[in-house]
1. What share of Cα pairs, in percent, lie more than 24 angstrom apart in the chain?
2. Suppose all protein chains stay in the model; what accessible area per residue would a 1.4 Å probe give for the chain, in Å²?
3. DSSP loop GluC sites (Glu not before Pro) in region 110-157 with at most 13 other Cβ atoms within 10 Å of their Cβ, which ones?
4. For region 1-107, what does the relative contact order come out to in percent, with C-alpha contacts under 8 Å and a separation of six or more?
5. Given Cβ point charges of +1 (Lys, Arg) and -1 (Asp, Glu) and nothing else, what value in debye, to the nearest 20, does the dipole of region 1-105 about its Cα centre take?
6. Need one number: nm distance between label points at residue 111 and residue 69, each 7 Å from Cα along Cα→Cβ, rounded to one decimal.
7. Going by accessible area, probe 1.4 Å, with all protein chains left in place, what is the ranking of 176, 143, largest first?
8. For residue 112, go through the lysines and keep the ones whose alpha-carbon is under 20 Å away, minus same-chain ones fewer than eight residues off.
Amino acid sequence: MGGIGKTTLAKIIYNKLSNQFEHRSFIADVRETCDDRRLVYLQNQLIKDILKQENQVSNKDEGIRLISSKFNGKKVLILLDDVSNDDQLKALARNHNWFSSGSVIIITTRNKSILDNAGVDNQYELEELDKDNSLILFSRHAFRRDSPPSEFKDLTHVIVFTTGGLPLSLEVLGSFLCGKRKKYGETQ
């Protein structure tokens, strides 16, 4: 599900681990960037980040050959954000043996079968926030505190219910309403 916080959590983990790796790459928005031509762009971005070489490949198969042979022996940290199909993952990080022992590949996706098909070692599925945590997150963005002022309680509960516990929605709506007067949020 989009907006649940996969990318945010993955970035936090990536940033915490990054100082332990000489070779690292964060490939953002794979789904939005990809078609066959753009997949080569992402392969070149990965190659540039890891090998410090620019525009090394001109097609997907060439990229697979280079990544699988030149990354071998390198301990890497790679974050592939929002992978939407098996071909994307296969072109960027198909096999564990492409990388040295101790490498970490973080993959975010809306499609659990991509992770199953790839045989990843560990999976973590994020869930929507419960009502109480949704209320706190929204209130922090809308009111800069953990709970709404009394005049905003009803509106806040409607917003929390409507967003269904999606953190991104709560943050965006809360930030949008921050500093607004009460009449702005009410319908007549």
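The values are calculated or read from the model by the stated rules, or taken from the named source; none is laboratory data. Quick caveat, the model's predicted, so the values are computed rather than measured. Quick reminder, even Gly has a Cβ in these numbers, built from the backbone with ideal geometry, and neighbours come from all protein chains shown. Heavy atoms of the whole protein, side chains included, go into the accessibility calculation; ligands, DNA and RNA do not. Shrake-Rupley method; radii C 1.70, N 1.55, O 1.52, S 1.80 Å.
1. 49 percent
2. 61 Å²
3. Of the GluC sites (Glu not before Pro), the ones in loops of region 110-157 whose Cβ has at most 13 other Cβ atoms within 10 Å are 125, 127.
4. 32 percent
5. The dipole magnitude comes to about 380 debye.
6. 3.0 nm
7. The ranking, largest first, comes out as 176, 143.
8. Qualifying lysines at Cα under 20 Å: 6, 11, 90.
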